[in-house]
Each structure stands twice: as C-alpha cells, then as structure tokens.
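Have a look at the structure below before the remarks.
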Amino acid sequence: MRLIEKVWFEGHKAKRWLVPLLLPFSLLFLLLSSLRRLFFKFGIKSSIKVNCPVVIVGNIGVGGNGKTPVVLFLVEQLTKQGIKVGVLSRGYGGSAPHYPYLLTDKSTAKESGDEPALIFQRCNIPVVVGADRIEAANKLIEQGCQIIISDDGLQHYRLRREYELLVVDAKRLFGNGLLLPAGPLREKTTRLNSVNRIILNDIEGIAADNPNLVNSKSPINNMQLQAERVINLKTGEERTLAAFINEQPQINAIAGIGDPQRFFNYLVKLGFDINKHQGFIDHQAYNESLFASIDSNEDKMSLLMTEKDAVKCKIFAQEHWWYLPVDAVFSPKDSEEIIGDILHLL
C-alpha cells in the first residue's frame, strides 16, 4: 500500500506532516468541486439527458469499493427481466483506437481498461468506454439498450441520471474524512444524503454504527461479495472452490486492486494457505517479468488472482494460473428494493 493510502486509511504517523502539507490543496479541491456542482445546479452548465434511463454506480472516495460487482449484479438481474442493458465506463487505464469505443470479442483490456473488459467478458452485453459520457451513452442507445448503467461517474454531472447508487466499503469507509489529496474523498460525506440508495459492502458487519451511515437520509442496502468457483486463465476450466481448496490448499497469489490485502485476507478466510503473495497498484499494467519472483517453477503451486487481474494476464497466462470470480450477494428483500426501483424508471 502506498504511503498516502496508509495516511488516508490507517492513520500512519506520516499524517503529522503530510496532511498539513496537503490541506491547502484539499481546500482548493473543495472550492473548485463545489463551484462545479453549483454551476450544474443553477443551470450555468447544462446537464444533458439522453433518451434512456441512466443508473450511476459510484462512490465518493478513491480506491476499490465493490462497484463492479454491483454493476454485474444489476446487469444479471435486469437481463433476467428481458431488459437490454448497456454499460458505460471511463475506461481508466485503457488506450482505445477511438472514442467512444464499443467493445467486441476482439477487444483487449489494454484497449478498454480492465473493468470494462471484465464486464463485457462476463456478461456479453454492450459496453462502451470514453471520457465523453454523453457520446458513450448515445452509442449504447444505438445498440438498442433500454437502461444504461454507468460504472463510476457519480461526479460526472454533465450526464443527467435518473438513479444513483453509492457503494461504500465497510473496511475503508471514508478514510480520514478529508477531501483529496489530504484524504481519499472526491465529495463530502453529506453527499450520502442525496443519492437514491447506499450499498454497504460489509461482509463482517462492522460498519453499522458509523455516524455518517446512521445519520444518512438515504436508504441503505447491505451487500456481501461471495466466491464459489475458480477458473483457469489458459484453458477456461472451472472448478468449485471447495474442490480446488481440497486439492490445492497452498497457493501463491497476486492482486492489483484498490486494497490487495483484502483479497489475500479473503483467500485465507476461504481456507487457502498462501505461500507467497504480491500486491500491485489498482489497474496495474501487467507483463510476464512482474511474475518472476512470485511464480517460480520451484514452487509448483497454482497462482490465484482476481478476475480484474485475469483479463490483463490471459494473453501470457501459464497453465497453473487461476482467477477467483466474486459476485455481489443481496438478501431477497434488498435485491427486490433495488431492482424494483430501477424497473420503475422504464
């Protein structure tokens, strides 16, 4: 974990000098972001409505919160209702030949970014990336989409939205509560009061008494991330998690997500014995040389990674490389509330 993230989320002792140093920049960030919101609120800048309901799945902080599993859940549930769903994304880390870029079977994670590639490969639905979200949304409408889900984009007010889901990670919550760069927040916690629903990613049940959540005016739905299988990167073979752990309890592991340690902790909780592990930055661009120290032939152990990592590693994957897909799991009541709200947009 980078030093700045340790300051934001763990209260590292470097906060004594780093936070005061960065606070003036956070005040400037607050001024500019507040002015921008006011411009849209009072019509100085125009918020553009497209000819299709838009659902935002976002957060107010940086780093992994569980947005993509929520997007996958929405796509799956709405598709079951016979609705054609499209997903738009900024495509962070990608370099497409043109924008807006509609993913195809030949698209690579290098072109689209890792999360759009994951969504497309998992769901086989229209996915478009581009910095201009209006153009991206219209591209999805051209594909016949009836509902558009925006993976992130809560602060992109130029695209008018009919529904906002704000995802909160129970472990990280809101860090030290400060705005960027002294803290991890892109908006103040008062933003929790203006979204349609808050989705709390809380597998341990540790955030129920957080004052920002307790006092929020928005309804809260609880989510857990759950894994049931592993998939081989090279062959596509699937095995149940129980069978894989029984056969290969000791593994090596890598993760390039917002909080890699959370992935490693989850593997241990599932029953794996991790021999070696390596955390990378979120959206890490991989190449074979990065695996030299973590995946040696002498180990003769399987290497396990996240699905987000896998979409970038398949091209040079080894036969003993596997990934762990995770799904967002809601109670029937929470699922019915969320999906019911969105269906009413049609």
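The values are calculated or read from the model by the stated rules, or taken from the named source; none is laboratory data. Being a predicted model, the structure only gives us computed values, none of them experimental. Note: ideal-geometry Cβ built from the backbone for every residue, glycine included; neighbour counts use all protein chains shown.
Among what's in region 248-277 and is out of contact with any Ser or Thr (no Cβ under 9 Å at 6 or more places or on another chain) and basic (Lys, Arg), pick the residue that is surrounded by the most Cβ atoms within 10 Å (Cβ to Cβ).
Going through the qualifying residues, I end up with 262.
Would you confirm whether any residue within region 244-251 is in a loop (DSSP other than H, G, I, E, B), modelled with pLDDT under 95, closer than 28 Å to residue 92 by Cα and not small (Gly, Ala, Ser)?
No, that holds for no residue.
Is at least one residue of region 108-122 in the same structural domain as residue 62 (by TED's automatic domain parsing), outside any loop (DSSP other than H, G, I, E, B) and under 15 Å from the mean Cα position of the chain (by Cα)? Spell out the reasoning first.
Taking region 108-122 and keeping what is in the same structural domain as residue 62 (by TED's automatic domain parsing), we get none.
No.
Filter region 280-330 down to the residues that are closer than 26 Å to residue 168 by Cα, of a type in the set (Phe, Trp, Tyr) and in contact with a Ser or Thr (Cβ under 7 Å, 6 or more places away or on another chain) and list them by number.
The answer is 323, and nothing else.
From the list 45, 49, which residue is more than 26 Å from the chain's Cα centre (by Cα), surrounded by fewer than 19 Cβ atoms within 10 Å (Cβ to Cβ) and touching a residue at least 60 places away in the same chain (Cβ under 8 Å)?
Testing whether each residue is more than 26 Å from the chain's Cα centre (by Cα), surrounded by fewer than 19 Cβ atoms within 10 Å (Cβ to Cβ) and touching a residue at least 60 places away in the same chain (Cβ under 8 Å) leaves just 45.
Has region 275-284 got any residue that is touching a strand residue (DSSP E or B) at 6+ places or on another chain (Cβ under 7 Å), of a type in the set (D, E, K, R), at pLDDT 95 or above and part of a strand (DSSP E or B)?
no
Among the residues of region 287-338, what is the count of those that are of a type in the set (Val, Ile, Thr) and under 17 Å from residue 231 (Cβ atoms)? Spell out the reasoning first.
As a first pass, look at region 287-338 and keep what is of a type in the set (Val, Ile, Thr): 294, 306, 311, 315, 326, 329, 338.
From the residues that got through so far, the ones that are under 17 Å from residue 231 (Cβ atoms) too are 306, 311, 315, 326.
Number of matching residues: 4.
Could you tell me which of the residues 192, 166 is of a type in the set (A, V, I, L, M), farther than 19 Å from residue 53 by Cα and either assigned to a loop (DSSP other than H, G, I, E, B) or in contact with a helix residue (DSSP H, G or I) (Cβ under 7 Å, 6 or more places away or on another chain) (or both)?
Going through 192, 166 in turn, the sole match is 192.
Name the residues in region 78-101 that are surrounded by fewer than 19 Cβ atoms within 10 Å (Cβ to Cβ), within 20 Å of the chain's Cα centre (by Cα) and not hydroxyl-bearing (Ser, Thr, Tyr), would you?
93
Can you name the condition, by its number, that residue 62 falls short on among (1) surrounded by 14 or more Cβ atoms within 10 Å (Cβ to Cβ); (2) over 26 Å from residue 5 (Cβ atoms)?
Single failed check for residue 62: (2).
Run down 166, 200, 192 and say which single residue is under 29 Å from residue 136 (Cα atoms), surrounded by 19 or more Cβ atoms within 10 Å (Cβ to Cβ), free of Cβ contacts under 8 Å to residues at least 40 places away in the same chain and under 20 Å from the mean Cα position of the chain (by Cα).
The conditions single out 200.
With of a type in the set (A, V, I, L, M, F, W, C), closer than 20 Å to residue 311 by Cβ and surrounded by 17 or more Cβ atoms within 10 Å (Cβ to Cβ) as the only criterion, which of 233, 180 stands out?
233
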